[in-house]
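Below is one structure, written out as structure tokens; comments come after it.
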Amino acid sequence: MNHPVQTHAEPRVGFAWQPHSPWDLVVRGGYGIYANRTSFAGNGYLLALNPPFGLNASLNGAANATASLEYPFPKLPPNSSFPNFVGNMLPGPPFTGNRFLRSPIITDPDFQESTVQQYDFDLQYQHKSYVFSIAYAGARGTRLAVGRSNNQPVLDSPSHPINGLTTNSVANAAERVPFVGLSPLLFRFESSGNSIFNSLQATLKKDMSHGFQFLAAYTFSKSIDDAGDSLGAAIGGSFGLPITGLVVYNDQNKVAAQRGVSDFDRTHRLVINGTWNVPGPEHATSATIRKLGDGWSISGIATLQSGLPFSIMDSAAGTLFGPATIYTTASLTPGATLADAGRSGSVSSRVNEFFNTSVFVHAPFVPDGGLIDGKYPVSGGGTIFGNLGRNILRGPDQQDFDIALIKVTPVRDRVKLIFRWEIFNMLNRPNFANPSNDVSTPSTFGVISALTVNPRIMQYALKLEF
């Protein structure tokens with residue numbers, strides 16, 4: 001790094017106040033700045049694959065006919081040829097044919113560690129064994145890790161030629177890049193992302209009394225970002241996967257345009273858990289009945305939450321800007337709005353078309369001789385980016401109920417027998433995954449074909465504890 005940050009100011013402040021009142025009320029709040037030390041393990045490994053350190057080659061069939069278990073790659077260049085950056089770009093025998101473009105992994109020399117500001121304000125009230133709290137909690141992330149391609153082909157024209165080219169075609173995309181000789185999928189790891197999170201959080205807790213306790217927690221929130229908050233998210237998430245090809249959205253020079261609700265955002269989330277110690281037969285005269293009736297308890301947890309957001313993609317879009325493996329969004333049908341994408345009815349009745357698929361169309365195709373934005377000529381025809389944003393729709397919600405029946409039987413001092421009967425997804429409710437979201441696969445577009453929670457599962461356990 002050319003300009004590493006040597007110090008971080010991370011102030012924290014908080015307060016707690018209990019007003020003089022007949023109510024057991026406490027007011028609390030706090031603010032803090034936290035620096036996130038980005039792990040360099042993954043990105044450092046990727047840098048080691050760059051020329052002149054690494055060479056990717058695929059040899060099979062006749063090209064590798066002399067291979068053996070002792071010497072599996074006899075046709076690779078000898079060690080004496082390394083380092084050989086130019087040779088890797090313009091390879092000799094047996095790597096004949098057109099040159100192949102390299103895709104180095106680049107780290108911004110001005111990369112900085114991300115910071116997160118966290119703030120909250122809450123009220124807590126206690127009455128006997130009950131505690132109720134309501135809070136506002138938020139966070140703001142800056143300089144988050146982003147993985148993007150900074151070698152995206154540039155549009156040219158007769159008045160603005162690029163490397164001598166005056167027309168734009170799918171075939172010449174690799175020649176219209178800022179760094180000629182390198183792939184349009186040149187990966188750059190930088191700290192240019194931002195995020196913000198706001199939430200209303202309410203909890204009601206009952207401490208154990210009369211054999212019963214529970215906790216109910218509800219969150220109403222929204223998280224917005226244009227990048228993941230760690231190296232793992234930047235490389236393996238929505239904004240970059242350099243090992244298998246970059247995963248990016250539309251124009252790579254406009255990171256802010258990818259701003260949308262976070263991939264993990266759930267508007268509503270309610271979790272309730274509780275335990276009830278079932279009263280035993282206190283007045284039973286039979287020791288056997290008392291032993292069989294004592295020690296029973298029931299516990300459970302219920303989770304209800306909104307579905308996860310998803311984007312409407314078009315894998316055939318953006319061909320004039322490089323390889324079609326770049327993730328690009330589709331377009332909205334002229335005259336339609338996102339509100340038109342909604343469909344009524346239960347999720348089960350919409351598994352074959354979860355949303356109104358007619359609302360979305362392929363990204364615009366510019367024909368041979370056409371113009372992009374009225375000034376960039378196209379040769380041979382090709383597609384541009386769609387006009388849809390990121391994470392514009394939301395998938396099915398989830399509801400899950402798990403319960404356990406427990407029996408504890410004392411055998412003798414410090415020895416007891418524990419029986420558990422656990423039921424997961426007790427109601428056997430199907431919790432559906434997000435639908436297929438690529439307009440380029442019309443046979444599955446909008447179709448739900450997977451579940452996020454297993455069907456009902458019951459298991460029994462018997463444990464001797466001593």
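Just so it is clear, none of the values below were taken in a lab; they were calculated from the coordinates. Worth saying up front: this structure is predicted, and the values here are computed from it rather than measured. Reconstructed Cβ throughout: ideal geometry from the backbone, glycine too, with neighbour counts over all protein chains shown.
For Tyr119, Tyr376, what's the fewest-to-most ordering of other Cβ within 10 Å of each Cβ?
Details: Tyr119 15, Tyr376 20.
Least to most surrounded, the residues fall as Tyr119, Tyr376.
Computed from label points 7 Å out along Cα-Cβ, the spacing between Thr66 and Leu427 is 6.9 nm. Cross-link pairs exceeding 31 Å between alpha carbons, from the set Lys206/Lys463; Lys222/Lys407; Lys128/Lys222; Lys206/Lys416; Lys128/Lys463; Lys222/Lys254: Lys222/Lys407; Lys128/Lys222; Lys128/Lys463. Its Cα gyration tensor gives segment 357-429 an equivalent ellipsoid; the semi-axes, largest first and in whole Å, are 66, 13, 9. Size estimate for segment 99-194 follows the Kirkwood approach: the inverse of mean 1/r over distinct Cα pairs works out to 17.6 Å.
With the alpha-carbon atoms of segment 294-337 aligned to their principal axes, the span from lowest to highest coordinate is 73, 30, 9 Å, starting with the largest.
Between Lys463 and Leu165, the modelled label-to-label distance comes to 6.4 nm, taking each label 7 Å out from Cα in the direction of the beta carbon.
Which FRET efficiency value, to the nearest 0.05, do you get for Glu282 and Gln118 by plugging their Cβ-Cβ distance into 1/(1 + (r/R0)^6) with R0 = 45 Å? Write out the running numbers ahead of the final one.
Numbers: r = 50 Å, r/R0 = 1.11.
For R0 = 45 Å, the calculated efficiency reads 0.35.
Net charge within 12 Å of Phe214 by Cβ-Cβ distance, Lys/Arg positive one each and Asp/Glu negative one each, not counting Phe214 itself?
Details: positive: Lys205, Lys206; negative: Asp207.
My count for the surroundings of Phe214 gives +1.
What's the ranking of 164-173, 204-213 by average number of surrounding C-beta atoms within 10 Å, highest first?
Values: 164-173: 16.7, 204-213: 13.3.
In descending order of packing, they fall as 164-173, 204-213.
If we count every other residue with Cβ under 14 angstrom of Asp373's Cβ, Lys/Arg +1 and Asp/Glu -1, where does the sum land? In short, -1. Using R0 = 51 Å, the C-beta based FRET efficiency linking Ser440 and Ile272 works out to 0.75. Using a ≥ b ≥ c from the Cα gyration tensor of segment 316-455 (square roots of the eigenvalues), is it rounded, prolate or oblate, where a/c under 1.5 gives rounded and otherwise the larger of a/b and b/c decides, a/b for prolate? Prolate is the answer for segment 316-455, as a/c is 1.5 or above and a/b outweighs b/c.
Backbone phi angles across segment 172-180, fed through the Karplus curve with coefficients 6.51, -1.76 and 1.60 (θ = phi - 60°), yield HN-Hα couplings of 9, 4, 5, 9, 9, 7, x, 10, 5 Hz in residue order; Gly and Pro are listed as x.
Report the net charge of residues surrounding Ser159, where surrounding means a beta-carbon distance below 14 angstrom and charges are Lys +1, Arg +1, Asp -1, Glu -1. Its environment carries a net charge of -1. With the cut-off at under 19 Å, measuring from each backbone N in segment 440-459 to a point 7 Å along the Cα-to-Cβ line of Asn387 picks out 440. Rounded to the nearest Å, what's the spacing between the alpha carbon centres of segment 273-349 and segment 401-458? Just the number, please. Measuring centre to centre over Cα atoms gives 10 Å.
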